[in-house]
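Here the structure is laid out as structure tokens; the discussion comes afterwards.
The values are calculated or read from the model by the stated rules, or taken from the named source; none is laboratory data. Only a predicted model underlies this, so the values are computations on that prediction, with no experimental measurement involved. All Cβ positions, glycine included, derive from the backbone under ideal geometry; neighbour counts span all protein chains shown.
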């Protein structure tokens, strides 16, 4: 019984490790097709859901050989067969595609091949086009390729930039106010005021984030729009709502770490004739520095992954914000809005985004934990 | 000059505090005005399909409750391991940090994860998936509270238990857990308050249903997801229902938090 329980408790503790690793693994597995398709270029590509003409087939596979094969058919249309063979080598891992194209030089068989190859999902998209190409192979390849070969490109740059921008702006607004509240609560206000206000702040940190989002949509957004112009859903509104959401969290953590400063230190500074500001600046801040920075980073991590408060007010438009009052989009919002109606590669793209978000927030939070909050335990 | 700067900083920080607190109360007040005006008896007796909230309130509560049933045992036993069995080994420290990291993981990522492991294999959204997502959110919070609360139990109690020859699991369950009971209960209550307001993990795991249902194998009504959907609708009446739901949810969360605070205070008195 004793050893059984010991084993059980060990297993429970390991479950946490298991869940975290499986989040990584599962997200990676689901994102894999998208990673294979777009690679790391995804991180710097600003197009989302754009259909682009696709010059050559091998571009579907992640190999860089496409540039080499791209040139061949355009220069000499008579060398079409050689060009096709080149492409065969480039995509040699896709067996059916190879067979298809080999036979596709014979025009009559091309249609049959198309039927066979449809069963293979991965290359289903390119087979009809390759058959078309084969049929019109002796005519003009260039026109055919540019008109028929399209694929949808997904790039994650806009949501990634949106996420980082909203977070940084939110921190920019939240840090001074949260610091103010913390200083007010721990140093300025008398005990009779500091206590109820402190409790109120902590309670506000517990309010579900969807409430902040709804309030932002109906009250705060229009107000900001009437003051700064622009629409009521914008980058500015999103970061302000986010800031208001993380202020209570940051303020109460900061206050807690400022309260750990021993009174003896403060009193000796006061005895030297220091003003309150000097005490805060030279005694309290240096003493509580690690805790304060740690609380900021924890709030940052929270802001990074926040979905609901932002989803209402950011607009969900896949464009770079040219000014503060333009709508844009962030990773969690993309996930929340497009997950339900996605399938196939676009779903994989969303998992790719989720993986990126998870890695970013994981890194930020671990950094905070291991460098700033370590000796708090 | 020093005194002037001092005055300036103090005034600025007081102003900042007032500004922040003002914003926060503005939220609460608009929420109360909008919410109370939209609340009537009809909301509690009708389902969403008839412009009520009954099935949503029930659904959200059931999802959170199942999450508690799944999450609390795992979290508590893991917390017991960290505090009682690990003897502060490297591994325990590692798990402890990992659990803290997991506590702040983006909730929407947990939603996508549960979608991948539960919803996708089954083929449709289900109440169970939503409950699992909430349980995953809850486990690290429970681990943290159990760990902290057990740490507060004095070593003498443990030694006394061992001295009368009790096996360790009996010491843990009959002595240590009893001593830390109030703290752990409060922690669970607060964790419950936190997950009941979660939207993001439920969006694509439990879906949303307009009807009264108790079938967890199909899409399941949940208040937060419904608020998200209703609030963006052009229909004024539906938006008002969303406000009512938001108000009820906030009140519920705040009351649980106050309750937790009250219990801790009573205990420490």
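Descriptive notes on the structure:
- Summed over the stretch A:186-241, residues that are free of Cβ contacts under 8 Å to residues at least 12 places away in the same chain and under 15 Å from residue A:327 (Cα atoms) total 1.
- Against the test of being more than 25 Å from the chain's Cα centre (by Cα), at pLDDT 85 or above and within 7 Å of another protein chain (Cβ to nearest Cβ), the options A:181, A:201, A:207, A:211 yield a single qualifying residue, A:181.
- Single unsatisfied condition, residue B:147 versus (1) without any contact (Cβ under 8 Å) to a residue 60 or more places away in the chain; (2) crowded, with 16+ Cβ neighbours inside 10 Å: (1)
- Test: residue B:171 is closer than 21 Å to residue A:332 by Cα and either assigned by TED's automatic domain parsing to the domain that holds residue B:59 or assigned to a helix (DSSP H, G or I) (or both): no
- Long-range neighbours under 9 Å by Cβ, at least six apart or interchain, first residue on the phi > 0 side of the Ramachandran plot within the stretch B:87-115, second modelled with pLDDT of 85 or more: B:88/B:82
- Residue within the stretch B:65-85 that is within 22 Å of residue A:332 (Cβ to Cβ) and touching a helix residue (DSSP H, G or I) at 6+ places or on another chain (Cβ under 8 Å) present: yes
- Among the conditions (1) in a helix (DSSP H, G or I); (2) free of Cβ contacts under 8 Å to residues at least 60 places away in the same chain; (3) surrounded by fewer than 18 Cβ atoms within 10 Å (Cβ to Cβ), the only one that residue B:242 does not satisfy is (3).
- The lone criterion from (1) within 13 Å of chain A (Cβ to nearest Cβ); (2) more than 19 Å from the chain's Cα centre (by Cα) left unmet by residue B:52 is number (1).
- Counting only helices (runs of 4 or more DSSP H) wholly contained in the stretch A:285-363, the ones carrying 1 or more residues that are assigned by TED's automatic domain parsing to the domain that holds residue A:247 and more than 17 Å from the chain's Cα centre (by Cα) occupy A:285-304.
- Only one entry of A:237, A:158 meets the criterion of being over 30 Å from residue A:262 (Cα atoms), away from chain B (no Cβ under 11 Å), modelled with pLDDT under 85 and under 21 Å from the mean Cα position of the chain (by Cα), and that entry is A:158.
- Take the conditions (1) in contact with a helix residue (DSSP H, G or I) (Cβ under 7 Å, 6 or more places away or on another chain); (2) free of Cβ contacts under 8 Å to residues at least 24 places away in the same chain; (3) not in a helix (DSSP H, G or I); residue B:165 misses just one of them, which is (1).
- Exactly one residue out of B:24, B:12 is assigned to a helix (DSSP H, G or I) and touching a helix residue (DSSP H, G or I) at 6+ places or on another chain (Cβ under 6 Å): that is B:24.
- Condition check for residue B:74: part of a helix (DSSP H, G or I), modelled with pLDDT of 85 or more, within 9 Å of another protein chain (Cβ to nearest Cβ) and surrounded by 24 or more Cβ atoms within 10 Å (Cβ to Cβ): no
- Subset of the stretch A:240-266 [buried (at least 21 other Cβ atoms within 10 Å of the Cβ) and more than 14 Å from chain B (Cβ to nearest Cβ)]: A:257
- Which listed residue, of B:224, B:205, B:199, is within 14 Å of another protein chain (Cβ to nearest Cβ), under 19 Å from the mean Cα position of the chain (by Cα) and outside any loop (DSSP other than H, G, I, E, B): B:224
- In the condition set (1) free of Cβ contacts under 8 Å to residues at least 60 places away in the same chain; (2) under 27 Å from the mean Cα position of the chain (by Cα); (3) farther than 19 Å from residue B:16 by Cβ, residue A:249 is compliant with all but (3).
- Restricting attention to the stretch A:275-288, the residues that are touching a helix residue (DSSP H, G or I) at 6+ places or on another chain (Cβ under 9 Å) and more than 10 Å from chain B (Cβ to nearest Cβ) total 6.
- Residue match in the stretch B:249-263 (condition: in contact (Cβ under 8 Å) with a residue 12 or more places away in the chain and buried (at least 24 other Cβ atoms within 10 Å of the Cβ)): yes
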